[in-house]
1. Using the Cα centre of the chain as the reference point, and only Cβ charges (+1 on K/R, -1 on D/E), how large is the resulting charge dipole? Debye, rounded to the nearest 20.
2. Divide by every residue of the chain the summed helix terms, -39500 (n - 2.57) for each DSSP H run of at least 4, and state the resulting mean residue ellipticity at 222 nm, rounded to the nearest 500 deg cm²/dmol.
3. Taking the Cα atoms only, what angle lies between the long axis of helix 551-560 and the longest principal axis of the chain, rounded to 10 degrees?
4. Decide, for the stretch 339-430, between rounded, prolate and oblate: order the square roots of the alpha carbon gyration tensor eigenvalues as a ≥ b ≥ c, take rounded if a/c falls under 1.5, and otherwise choose prolate if a/b is larger than b/c, else oblate.
5. Along the Cα→Cβ direction, 7 angstrom out, place labels at residue 506 and residue 552. What is the inter-label distance in nm?
6. State, to one decimal in nm, how far the label point of residue 424 lies from the label point of residue 330, with both points 7 Å from Cα in the Cβ direction.
7. Treat each spin label as a single point 7 Å out from the Cα along the C-beta direction, and report the residue 370 to residue 525 distance in nm.
8. Rank these for me by crowding, 400, 2, 356, going from fewest to most other beta carbons within 10 Å.
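Values in this text are rule-based calculations from the coordinates and carry no lab data. Fair warning: this is a prediction, and the values are worked out from it, not measured in the lab. Because the Cβ atoms are built from the backbone with ideal geometry, glycine has one as well, and the counts that use them run over all protein chains shown.
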Amino acid sequence: MTRPARPFLDALAAHPILFDGAMGSLLYERGVLHTRSYDELSLSNPELIRRVHADYLAAGAQVIETNTFGANRLALSRHGFGDQMTRINKASVALAREVAGDKAYVAGAVGPSGVRFGIATAAERRTARFALAEQIDVLVLAGVDAIVLETFTSILEMETAIEVAKERGPRVPVVAQMVFDAHGFSDGGLGAAEIADRLIAAGADVVGANCGIGPAELYNVGVAMVGRGKPVIIQPNAGLPASIEGRTLYVANPEHFGVFARRLLKSGVRIVGGCCGTTPEHIRTMLGAVRMMGATGEAPSVAAAIAAPAVSVEAVTRTQPPPPAKVPLAERSRLGARIAAGELAVSVEITAPPGTDLTKTRAQVETLLAGGVDIVNIADGPRASARVGNVAVCADLLATTGVEPILHVCCRDRSFLGLVSHLLGAHALGLRDLVIITGDPPKMGDYPFSTPVFDLDSVGLLRMAAGLNGGVDPAGKDVGGATRFVLATGAEPAAHDYERELRRLEDKHKAGAELIMTQPVYDPRTLERFLDDTAPLGIPVMVGILPLASHRNAEFLHNEVPGMSIPAEYRARMEKAGSGPEGRAEGIRIAQEALAAVKHRVAGVYIMPPFNRVESALAVLEAARDRWRPAPRPAPVPPGTAPHTAR
């Protein structure tokens, strides 16, 4: 049967990889009683196992695990199938390979023997070792692409299993995953770093954790394992199990998994997937994060990304360095003029409405204009939500109010060709300021099944836009005149993988980024470090400020949003203030303090008021009155004409 042409470890070195989700709990949800041997179903009900594999493949899984978690002789004997061990493992590999073809890898799943190694006699350990060895031997001979040792609670048994796997298949990669408790400890109180070191010393090619706990808890385990010499895999449960009407259910929703997949991958974890309670829907929400965090923007075809050396559409933009911009920064827009003059640039982010009526949005902009703010950010489907297209909102506001919009452009929803057209169309409408971001995968909101595109990431899109500023499209063709975009990019000063964030900024700078707009920053020390470390790049920085709305809001941002870190002192203040007007007032005071601490080191500030409360943004800006000169009201600009650059 066919299989991916690229060896598993080679693909892993090139880009992150997505494993499938649970088998046992999904079979239970599909009506198989827990008293059955799930592994034996590969013989008695192969169509059911085939459908599970196919559902995970359709959801985007790039590795399919065989239905053999409990298929060693000792475990099978408890159900009376010990003598069927070889048949069950061979059939399970054949089913997985039939479904996976060349679209996904097949990993032979191996669980613990069932022998309690910590108190077992020498004879019992030898029996367990033999049971693991003969199962692994069958899986290797059947042609799996990797052996996955998972849900082990004994480090001694795991070390034995790794040794056996290396003996039976020295060229077959071994993935080793231990179980951890909610406090981040495994067998005998061992921490994640120590476990990782022991797994590596035993010979594992990939180390990590699965089962036991949910994504929030396993996140800390994964972070502790990163950087110790081998790739890391994390496969959490869908939260902790609950008994509902006599059934054992897992209640962590798929959207939650999408968020933590991105956090895990940004922290340096290379493989994500799911364990007990996860379903194809959980895996589907993780696919966007895996694509987004790839080294290049992967094509929608998972098979193409895995089966052959990737030739991304981003490579088209690498054929030659972008030509220099022909129009000086100061002449492109108000924002460019302020940055070039060394004045404090100020913008406020407005979220486009979910419906077609822009009346309220225009009124919010009118309030900002009256307060002296003449530049606004319009996000591009924030949190993957369905809203009025931001290019339409920007063009409308420019024409009706004269405010200068900063257009966010993310790579999630448009193909390579679509992005070229989008940028040219935005310029034709008179839009000059761009914030170029990779974008969140469609893991939340009302349309989680929307397919993420990610033909390019932010680096590739910056390179494309810089080329347009030089008058040529990505194919090197003249576009009939240089565009006049100011090219901004996003950054996370509190990123979990801070070194990676700095490396990405270097890449973005080389690709054409002229301005950095940060995620919200609350700790001045975090921003000071970021400004010091990015100073050699010579790119001006606009700091993001998000006034907290309530204590609950503060805790959510701190714990659930990647790149956000709110000092304990501020969270305690918000807890004391609570919610409502008192909470909002305290959030404004905290934002003012954060701005006051850094306003003399940054080129600008952009405020992200919760729920478009623009009055909150104006209140925060009071802290920068000594540096910020409010602008007079601008005149409306007809679509297609160049915006004003003078105040």
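1. Numbers: 66 positive and 69 negative charges, 144 e Å.
Around 700 debye, computed over the chain.
2. Values: 24 runs with 270 residues, N = 647.
One gets -12500 deg cm²/dmol as the mean residue ellipticity at 222 nm.
3. Approximately 60 degrees, to the nearest 10.
4. Working: a/c = 1.83, a/b = 1.30, b/c = 1.41.
Because a/c hits 1.5 or more and a/b fails to exceed b/c, the stretch 339-430 counts as oblate.
5. Computed distance between label sites residue 506 and residue 552 equals 4.4 nm.
6. 3.2 nm
7. Result for the modelled spin labels: 4.2 nm.
8. On the way: 400 15, 2 11, 356 7.
Lowest to highest Cβ neighbour count: 356, 2, 400.
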